[in-house]
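Enquirer: Pasting a structure below so you can have a look.
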Amino acid sequence: MPKPVPAVRAQDLLVGYGGAPVCAPVTFTLQPGRALALVGANGAGKSTVLRAVIGLLEPVKGRLEVFGSEVDEREIGFRTQVSSVLDDDAYFPSLSVAEHLYLVARGHGVRDAWDRVDELLEEFGLTEHARALPVALSSGQRRRLLLAAGFARPRSLLVLDEPEQRLDRRMHA
């Protein structure tokens, strides 16, 4: 039986900005269906590694593959497989919480998008805020909105950067 293609494979991966590395090279393999946590001190380069994995940043050196292919954020095949929630507040300010989740779900081909929205609102404790605009939410509620959006679409790889940031204890995994 053939070995499954790793979800992510990094070999001597060096990441940074403007060709200047921000951390030592990293090597890891993440198999499909498994979880991997990058841990380290603030400023150690964890978020920068994740930005490379999702294609927002080219590696300075080394090899990086997602599902057996080099990372290319411009490729539709890559974008349909990878969903991410980073540490920035990337939301649609003029859409309600429910509309935001619907746009993400429907934009990624979820057929029963409103049903999915209802599930996510419940799961992330946002049902009572479904009609609110993101600017009216607390920072923790906005974080839950962003996490819900990451789960709203089909994906083979979900990349989360500090997913518990700004969340109440009851929302921690």
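Where a number appears in this text, it was derived from the coordinates with a stated rule and is not lab data. These figures come from a predicted structure and were not determined experimentally. Backbone-built Cβ (ideal geometry, glycine too); neighbour counts: all protein chains shown.
Enquirer: What's the magnitude of the charge dipole for segment 8-74 around its Cα centre, counting Lys and Arg as +1 and Asp and Glu as -1 at the beta-carbon? Answer in Debye, nearest 20.
Expert: Once rounded to the nearest 20, the dipole reads 180 debye.
Enquirer: Using just the helices of the chain, give the 222 nm mean residue ellipticity in deg cm²/dmol: DSSP H runs with n ≥ 4 each add -39,500 (n - 2.57), and the total is spread over all residues, rounded to 500. Write out the running numbers ahead of the final one.
Expert: On the way: 5 runs with 50 residues, N = 173.
Per the formula, -8500 deg cm²/dmol.
Enquirer: Using 7 Å Cα-to-Cβ label points, what is the Asp118/Ser138 separation (nm, one decimal)?
Expert: Those two pseudo-labels are separated by 2.7 nm.
Enquirer: Let me know the charge dipole size of the chain about its Cα centre in debye, to the nearest 20, where only the beta-carbon of Lys, Arg (+1) and Asp, Glu (-1) is charged. Intermediate results must be reported in sequence, preceding the final value.
Expert: On the way: 21 positive and 22 negative charges, 56 e Å.
Taking the Cα centre of the chain as origin, the dipole is about 260 debye.
Enquirer: Nearest 10 degrees is fine. How inclined is helix 139-152 to the longest principal axis of the chain, computing both from alpha carbons?
Expert: The answer is roughly 70 degrees.
Enquirer: Per-residue HN-Hα couplings for segment 41-49, Karplus 6.51 cos²θ - 1.76 cosθ + 1.60 at θ = phi - 60°, whole Hz, x for Gly and Pro?
Expert: 5, 4, x, 7, x, 4, 5, 5, 4
Enquirer: While we're here: What number, in percent, do you get for the relative contact order of the chain if the mean sequence gap of Cα pairs under 8 Å and at least 6 apart is divided by its residue count?
Expert: Working: 269 pairs, mean separation 38.5, N = 173.
22 percent.
Enquirer: Shifting gears a bit: Rounded to the nearest 5, what % of DSSP beta bridges with both residues in the chain are antiparallel?
Expert: Numbers: 13 of 17 bridges.
Taking every DSSP beta bridge with both residues in the chain, the antiparallel ones total about 75 percent.
Enquirer: Based on the inverse mean of 1/r over its pairs of different Cα atoms, what is the Kirkwood hydrodynamic radius of segment 40-173, in Å? Don't skip to the end; give the middle numbers.
Expert: Numbers: mean 1/r = 0.0633 Å⁻¹.
15.8 Å is the Kirkwood radius here.
Enquirer: What are the ³J(HN,Hα) values, in whole Hz, obtained from phi via the Karplus relation 6.51 cos²θ - 1.76 cosθ + 1.60 with θ = phi - 60°, for each residue of segment 66-71 in sequence order, with x given for Gly and Pro?
Expert: For segment 66-71, the Karplus curve yields 10, 6, x, 10, 4, 5 Hz.
Enquirer: Could you tell me how many degrees, from 0 to 90 and to the nearest 10, lie between the Cα long axis of helix 113-123 and the main elongation axis, the longest principal axis, of the Cα atoms of the chain?
Expert: It is inclined by approximately 90 degrees.
Enquirer: Using a 10 Å cut-off around each Cβ, can you sort Ser83, Ser139, Ser96 from fewest to most neighbouring Cβ atoms? Each step should come with its number before you reach the end.
Expert: Numbers: Ser83 21, Ser139 11, Ser96 16.
Exposure proxy ranking, most exposed first: Ser139, Ser96, Ser83.
Enquirer: Counting only Cα, what are the radius of gyration and maximum Cα-Cα distance Dmax of segment 64-116, in Å?
Expert: Gyration radius and largest Cα-Cα distance of segment 64-116: 13.6, 38 Å.
Enquirer: Between Arg111 and Glu58, 0.36 nm times their residue separation minus their Cα-Cα distance comes to what?
Expert: Values: separation 53, 0.36 × 53 = 19.08 nm, distance 3.38 nm.
Extra length from Arg111 to Glu58 when fully extended: 15.7 nm.
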